[in-house]
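Data first, discussion second: the structure below is written as structure tokens.
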Amino acid sequence: MFLPIALFKNSLTRRHLFIKLYIQLNYVPPIMKKSIDRLSLIKTRSRQCIAARIRLLSRMVTNIYDSALKPYGVKLNQMSILVVVYLAGEIGYEALCKRLKMEKSTASRSIERLKNKGWLVVVTAKNERRKFLKVTPAGEELLEKVHEAWEDAQIKAVELLGDKETEVICNIANGIWKKDKAG
């Protein structure tokens, strides 16, 4: 209960009242301090989290490309696989996953879809122990067909990110790939 300060004549009583008011207005029980500290920490992390921001950008950019590629029945993830396989000529599953920094289970699902659509085949090596992926003629045709849609998506992605920012992102990715090739 709060009482008017004028009721208290001496300064000692007034000081006690101010302390009591201060405590009542500013006191936070220890259990609440922990949750406030935890909330503050979470808020700080959420404002500084690089991974969250990169994932957000990734989803936004992926949606741009997926929308552009949709008329061709292919998604960006699948196109990435097709391009890497095409450029390699033939490539093993492990090397493909390493190159794209992709989980094997994710790659397997996309590879199955690409095989079912006739854009990718599995080739067995001469020693019949190793299997390689290879782009089919239909897959090569798809790569040619989607070029214009990919160009449009590329322009939209650069507009979203900005010219300088896109260059920085590309330099970071290229640097990672160079390290992988060297190592």
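The values are calculated or read from the model by the stated rules, or taken from the named source; none is laboratory data. It should be emphasised that the depicted structure is a prediction, and the values quoted were computed from it without experimental measurement. We place every Cβ from the backbone using ideal geometry, glycine too, and count neighbours over all the protein chains shown.
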Name the single residue that is surrounded by the fewest Cβ atoms within 10 Å (Cβ to Cβ) among those in the stretch 93-109 being of a type in the set (G, A, S) and over 20 Å from N174 (Cα atoms). S105
The lone exception for G118 - which of (1) small (G, A, S); (2) part of a helix (DSSP H, G or I); (3) more than 24 Å from K181 (Cβ to Cβ) it fails: (2)
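Listed here are the residues, each with its yes/no results for (1) within 30 Å of R53 (Cβ to Cβ); (2) touching a residue at least 40 places away in the same chain (Cβ under 8 Å).
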{"site": "L87", "(1), (2)": "yes, no"}
{"site": "L96", "(1), (2)": "yes, no"}
{"site": "M102", "(1), (2)": "yes, no"}
{"site": "K117", "(1), (2)": "no, yes"}
{"site": "T124", "(1), (2)": "no, no"}
{"site": "L142", "(1), (2)": "no, yes"}
{"site": "V146", "(1), (2)": "yes, yes"}
{"site": "E151", "(1), (2)": "yes, no"}
{"site": "N171", "(1), (2)": "yes, no"}
Filter the stretch 110-163 down to residues that are basic (K, R) and exposed (fewer than 11 other Cβ atoms within 10 Å of the Cβ) and give me whichever is farthest from the chain's Cα centre (by Cα). K126
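Within the stretch 115-146, how many residues turn out to be among the basic types (K, R), under 21 Å from K104 (Cβ atoms) and at pLDDT 95 or above?
Step one: list which residues in the stretch 115-146 are among the basic types (K, R), which gives 115, 117, 126, 129-131, 134, 145.
When the remaining residues are screened for being under 21 Å from K104 (Cβ atoms), the result is 115, 117, 129-131, 134.
The next check asks that each one be at pLDDT 95 or above; those that pass are 115, 117, 134.
Count: 3.
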Any idea which of A95, A107 is more than 14 Å from T136 (Cβ to Cβ), more than 21 Å from the chain's Cα centre (by Cα) and either in a loop (DSSP other than H, G, I, E, B) or among the aliphatic types (A, V, I, L, M) (or both)? A95
Tally up the residues in the stretch 74-92 that are part of a loop (DSSP other than H, G, I, E, B) and either within 14 Å of S110 (Cβ to Cβ) or touching a Cys at 6+ places or on another chain (Cβ under 9 Å) (or both), please. 2
